[in-house]
Structures are given as structure tokens and as C-alpha cells.
1. Quick check: convex hull of the Cα atoms in chain B, volume per residue, rounded to a whole Å³?
2. For the range B:1-95, what is one quarter of the convex hull surface built on the Cα atoms, given in nm²?
3. Rounded to whole Å, how close does chain B get to the rotation axis onto A by Cβ? Give me the residue too, please?
4. Taking only Cα atoms, what is the 0 to 90° angle, nearest 10, from helix B:40-52's long axis to the longest principal axis of chain B?
5. Based on other C-beta atoms within 10 Å, arrange A:91, A:146 from fewest to most.
6. For every helix of n ≥ 4 consecutive DSSP H residues, a contribution of -39,500 (n - 2.57) applies; sum these over the protein assembly as shown, divide by its total residues, and give [θ] at 222 nm rounded to the nearest 500 deg cm²/dmol.
7. Enter the mean number of other protein chain beta carbons within 10 Å of the beta carbon of each residue in B:83-96, as an integer.
8. So for the pair residue B:147, residue A:146, with labels modelled 7 Å out along Cα→Cβ, what separation do we get in nm?
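Derivation of every value follows stated rules applied to the coordinates shown; laboratory data play no part. Note that the coordinates shown come from a computational prediction; the quantities given were computed from them, not determined experimentally. Cβ sites come from the backbone with ideal geometry, for glycine too, and all protein chains shown count toward neighbours.
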DNA sequence: ACCTGAACACCGTTCAAGT
DNA sequence: ACCTGAACACCGTTCAAGT
């Protein structure tokens, strides 16, 4: 059921992932879905949880400055694995319906740096906002490109992945900022 | 017209800001709106531009480490000035329909630090993602609180504004990260 | 140029009734 | 417990026709 929904998400994208289409994919009446979920947002929350759980958590190295970027990259991969994955997780998170595993993994990695819980929590939240915003934007462009609206990413003149570069740069900014924070206390 | 839409946004929120309601507020038929905007997203893009233009840009001090947080704070204020302001800007930006003034202001402030354009652009994008994500979350909670879904923010036991604090912390992380970046090149 | 009236092709959700 | 059938109260958008 959630599997069918994830497949449909990948096929048609979030804007076209309607309860009626999902029902049709399951060869069932729309009203039947409401025996499994109280409403659409709850159903999307289950998708969000599955999207995030996609990749197993990276083994921690003991060095937070290595683990934080690794967790961020793993999260990005999980989000990219499904069409509009970032948006699904974003909306679920903002409604407080789940997807908190993502925040926890980032916070756990940061905590290794010896930061207090409030600092780690705030840093993790800030980093999560960046990751979601970045990947969301990335996926938006993927759609535009595939629709031929714009030239299909000039990006890699030299075989480089500009999106991944910009992502790594943003994550590094956080790590460097945290490092500076710890050295000035 | 855009003014009426902004008032309606403030009254009912983004999910209930429909073309039909807007038409009713203007005492006009829904179809009449399509003589002013080609579609709903374009209309939201105009709102996004007006929301961002809300506060005049802060005068620059010459010190990027002062100006960047100031621009970020001014942007936050602009977004908070309208219900669901962050979400309106987020969606407009991700569709590439406008609201680029926000990114420009952040990038201009960062550039003063002597960073090259690519670095400044990437840092500005990362910071903007954080700002939008943070304020969006902030506004989501404002709604929940006003609906009495949760206790109205335990937050300020000592009269502190936890949201603003967390925001400033996130911005500082960026500034500290950028500073570290410049000192290691 | 700007608007009305009417329609098209959809939505999410509810609910009595069936098995 | 799970589903159907039918309905309710909506959407965004189009288009001929009017002024």
C-alpha cells in the first residue's frame, strides 16, 4: 500500500499524487483508503518516514567532522531516491507528523563533537533546513530539465556534479561554523 | 488586487487562499482573475515579491559580518509580516518565478567579505534555504499554537524569544563558517 | 480591456450499505 | 475489518458571449 504510493509518487510526482489516483492504482474505491489512513497528510507522513529510512545510517567514525557530512550526504541520497522526496519530507516535518529520524541522525552526529544538547539540536535543525531546501531545489530542476523547459543542465562542462558540489560546500560551512563555535567558548 | 490577495492571505492562510475566494473578496467572477494573471502560481509570485520587498534593505555598514546577519534578520521580519509568508516565497523561488531579490541581498552582503562570486552565491543560497526553512517552521507553529493544538509555546520562561535565538544561532553558524573558509585559503 | 455565466475535469472526505 | 456507491463541498482553468 505504502509501496504502491511510493511507486506512484515516483511516476507522477507529488502534485499528481492524489488519493483518487492512488485508489485507482490499487484498484479500489477512493473511500477505501480512509480505512488505512485518517487523511492524506498521514499517508504522506508514512511515505516520508520510508523515504528517510531508505539508506541505512552510516557507521560512525568517531570523528564528528567526518560523520556530519556523511549523514548529510546519506540523507540527500535518501531524498533523491524518490521523486519530490525532499518536498514530501519537508511538509511532513512542518506538520509535525513524523520524519524526525532525519533530525535525530544529524543531531547524534553533531553531539559527538562535544556540543551541549541545545547547541547540537539547533545546529542539526539548521543543517536539516539547508539539506531539505537544497535537495528540494535540486529536484525541482530535475523536473524542469526533464520537461525540456530549460537546457538540460549546463552544469558539468568538465564532468563535475555542480549540485553535489554546492551541497558539500553548504555542509562544510556548517561544520566550519561549529568548529569555530567550539573553539571560542 | 495584489493588496486584496495579501489581506486574504493574512486572514485565511495559504491553503485557503484560493482563486475563487480571492474573486469573491474582489466581488468578481473567478474567471476575471485570469485577465490579470495567467495562473495561480504567477499570482503567488507577485505576492512573494511584495512580501520580500516589505522592509527596505538595511544600510550596509561595510562590515560583512554585521551586514549578513542584518540582512538575514530583515528578511525574516519581512517573511513574518504575512501569514505563511515563508511558504509563499519558498514555492515561488522553487518554481523560478521570482523572489530573487532575497538571494541578491544576501549575496551582496556576503560579497563584501571579499569572497569570489561563486562562493558568495553558494553561501547565500545555503543561508536563504536556512532562513526560509526556519521561518516556515516558525509560522507553522504559530498556526498550531493559535489553534490551541499545543500549549502556546513554553519558550519564554525568562521572557526570551527562543525562535529568534535559534535563528540568530543558525545565521552565526554561517558567518563563522565563512570566516573559517576565508582564513584557510 | 475587462468581465460574466457556464462549463470541464478534477479534488479530499464522509457515510450508509454491503461482505 | 474492509470495501462499494454515491454524494458533498469544493478546486483551477477555459471559453463563448457580453460591455
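1. 126
2. 6.4
3. Reported as residue, whole Å: B:177, 2.
4. The two axes meet at around 50 degrees.
5. So the ranking, lowest neighbour count to highest, is A:146, A:91.
6. Helix contribution divided over all residues of the protein assembly as shown: -21500 deg cm²/dmol.
7. For this peptide, the per-residue mean of nearby foreign Cβ atoms is 2.
8. 3.2
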